């Protein structure tokens, strides 16, 4: 069998030179074994031994001991390190206490996962242990009503998700009183997923759960599991509001890994090959040489395209061989996922193209190689995906294929930013007022809020309660705050995004073919827009804002549409200020007002064939932002002429947004930006990057804290791009409302260097 280095040498030698930019050799890690606790329930110990688990890894034992002692704990170790045993052993042991109570249910446990698929997988694992007395069940939106009653009354391990907890269990807690009274453990799996606004929502839900459980006399121990993140204890504490101890020393063994950074080449016609096309070629080569490989794409469409491209290449060499490549994305039925798992285990499937849904989906082990088509957004995600290879202890190959993006281009040419830097801090703000206020209302509807509850929800909760009372949502009484309306507050809160969506409706049949969040509707489904949904093109005939519907007809007109917009921002408060070299950096609250004013139609060649005005209302967003200002005289002295200032600032803004994920757990679409040569609030040329969520999501604050590292990396990315005047890999943005005009790449470098303590 060829080694990973030999596979990589063949891949690099089979195509144009220059694609292999860097190779990092990551050494193997030996196992660190421990013993099962001496006082472990015999039935649990027998189940573990029967499953071939003769001894735990050291981190599993550490987490088990902490949890059984009542210490809240987060287990943050690598992919395939067996984190689930860290919470399953304490949970299964505790529920067996009922065996001596003459049939009384006894201690209970609640398991929370971000996806229904992951909860179903954990149920299958618990059932495979076959521990007598353990009655486990999944409880989600698909659970039939008759099963729900049995689960509430008899199950001692309930597996669900934060959405069900928010919409059903907490509002109906009286029906769960027997379960909640005996609640011993709450498991929060994959807790690194709970970041940004979603994380703030889940943090509020967990506080509501603690409060309701306390009403029934329970104070459960919380056990969290996470991929590797910076300071997992702090993240877990922000999520739960509790002191949490972290277990981070991974005792599981790993084989050596050869990790390559790969830059697609430019074809003869001057077009840079996409990461998806390049990864499809690499996947076909590896599969053709018997290397079982998973290739990750950024989107569902990308995964399907990657699989199709790999199959086509294989079929051209050996008809019938394309069947060895499959695609996986979120939304697959359980039987489809199980079939894929069987195909991978048997070797019938040698190549798998997947989205990051695989991280929380099927159980894959023993792969030889991983391809990552485009930076996945975070170092933690990169290592989680790369960890899918070598899971059986053998040596493995991982390849990051750079996309046409500023951050990708920077990272493959600065390997130290991947291999020598820690994974990102996970950003979550449980006191975001736009998130916390509706959850306070929901908490009051569950049980009236008292003074003693305010500490649980944070120091800002009293002010928010006053606002809710003034709005007639809550009623203040001497004993506390009471829900004052007829409806249910939980109905108005969506944990995973904006509560308001616009339905995309097929005009002919009335069928809803998809949804778009309201904030994006003006730009994506305005009248005349060409909207692509699951690979199909639809033309919007009317955007009905009042009815929250975009009416569409199926068909590809042969052109694409691009919205144009104008934006302005008002600085509401400046919370923090710092002088950075020759600019002044600031962080605070802003109101961003934007309006989509027109759209252009473009042919695939890029030729503009029409521009059409739109009459849409302004939209305002109050959020958090980081911005910097520079004196006009300093710009002129540095070589940026007055007429070039708007383009220089605009290009610097685009590049800075593209590089923000280097220091914060954001995506380009999580943030926005504006720039102006003269802002009325600052009186100076200003560049701003803001969180794209009401109240902020923590990304701008991270950017302010890591300002110099962020700006330096941005400068290096723009300066290192080989293009002459700006391209998608440096200063052009796919979401620019001004059609990427004006842009001045050279001026952007100057603007960025002025923010650095020393150029170079």
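Quick check, is residue 422 touching a strand residue (DSSP E or B) at 6+ places or on another chain (Cβ under 8 Å) and either assigned to a loop (DSSP other than H, G, I, E, B) or surrounded by 14 or more Cβ atoms within 10 Å (Cβ to Cβ) (or both)?
Yes.
What's the number of the only condition in (1) in contact with a helix residue (DSSP H, G or I) (Cβ under 7 Å, 6 or more places away or on another chain); (2) surrounded by fewer than 20 Cβ atoms within 10 Å (Cβ to Cβ); (3) in contact (Cβ under 8 Å) with a residue 12 or more places away in the chain that residue 309 fails to meet?
Against the list (1) in contact with a helix residue (DSSP H, G or I) (Cβ under 7 Å, 6 or more places away or on another chain); (2) surrounded by fewer than 20 Cβ atoms within 10 Å (Cβ to Cβ); (3) in contact (Cβ under 8 Å) with a residue 12 or more places away in the chain, residue 309 comes up short only on (2).
I'd like to verify a number: residues in the range 1-23 that are outside any helix (DSSP H, G or I) and surrounded by 15 or more Cβ atoms within 10 Å (Cβ to Cβ), how many?
Counting residues in the range 1-23 that are outside any helix (DSSP H, G or I) and surrounded by 15 or more Cβ atoms within 10 Å (Cβ to Cβ) gives 6.
Just need a number here: residues in the range 694-710 that are in contact with a strand residue (DSSP E or B) (Cβ under 8 Å, 6 or more places away or on another chain), surrounded by 20 or more Cβ atoms within 10 Å (Cβ to Cβ) and either without any contact (Cβ under 8 Å) to a residue 60 or more places away in the chain or closer than 16 Å to residue 672 by Cα (or both).
Qualifying residue count for the region: 10.
Test residue 163 against the criterion of being crowded, with 19+ Cβ neighbours inside 10 Å, out of contact with any helix residue (DSSP H, G or I) (no Cβ under 6 Å at 6 or more places or on another chain) and modelled with pLDDT under 95, and give yes or no. Can you show your working first?
Working: crowded, with 19+ Cβ neighbours inside 10 Å: yes; out of contact with any helix residue (DSSP H, G or I) (no Cβ under 6 Å at 6 or more places or on another chain): yes; modelled with pLDDT under 95: yes.
Here the answer is yes, as residue 163 does meet what is asked.
Identify, please: which residue in the range 55-82 is assigned to a loop (DSSP other than H, G, I, E, B) and at pLDDT 95 or above and is, among those, nearest to the chain's Cα centre (by Cα)?
This residue is 72.
Taking only pairs six or more apart or across chains, which ones have beta-carbon atoms under 6 Å, a first residue in the range 733-760 that is within 13 Å of residue 652 (Cα to Cα), and a second residue that is modelled with pLDDT under 80 and surrounded by fewer than 20 Cβ atoms within 10 Å (Cβ to Cβ)?
753/759
Of everything in the range 27-39 that's at pLDDT 95 or above and surrounded by 13 or more Cβ atoms within 10 Å (Cβ to Cβ), which residue is farthest from residue 77 (Cα to Cα)?
By that ranking, first place goes to 37.
Answer yes or no as to whether residue 197 is touching a residue at least 60 places away in the same chain (Cβ under 8 Å), under 16 Å from the mean Cα position of the chain (by Cα) and surrounded by fewer than 24 Cβ atoms within 10 Å (Cβ to Cβ).
Criteria not met by residue 197.
Which numbered condition in (1) part of a strand (DSSP E or B); (2) more than 18 Å from residue 681 (Cβ to Cβ) is the only one that residue 568 fails?
So residue 568 meets the others, but not (2).
Please work out if residue 417 is assigned to a helix (DSSP H, G or I) and touching a strand residue (DSSP E or B) at 6+ places or on another chain (Cβ under 7 Å).
In short, no.
If you scan the range 657-687, which residues turn out to be closer than 30 Å to residue 415 by Cβ and without any contact (Cβ under 8 Å) to a residue 60 or more places away in the chain?
Of everything in the range 657-687, those that are closer than 30 Å to residue 415 by Cβ and without any contact (Cβ under 8 Å) to a residue 60 or more places away in the chain turn out to be 660, 671, 673.
Which residue is surrounded by the most Cβ atoms within 10 Å (Cβ to Cβ), if the candidates are limited to the range 550-562 and must be modelled with pLDDT of 90 or more and not in a loop (DSSP other than H, G, I, E, B)?
550
The values are calculated or read from the model by the stated rules, or taken from the named source; none is laboratory data. Only a predicted model underlies this, so the values are computations on that prediction, with no experimental measurement involved. Positions of Cβ are backbone-derived with ideal geometry, glycine not excepted, and every protein chain shown enters the neighbour counts.
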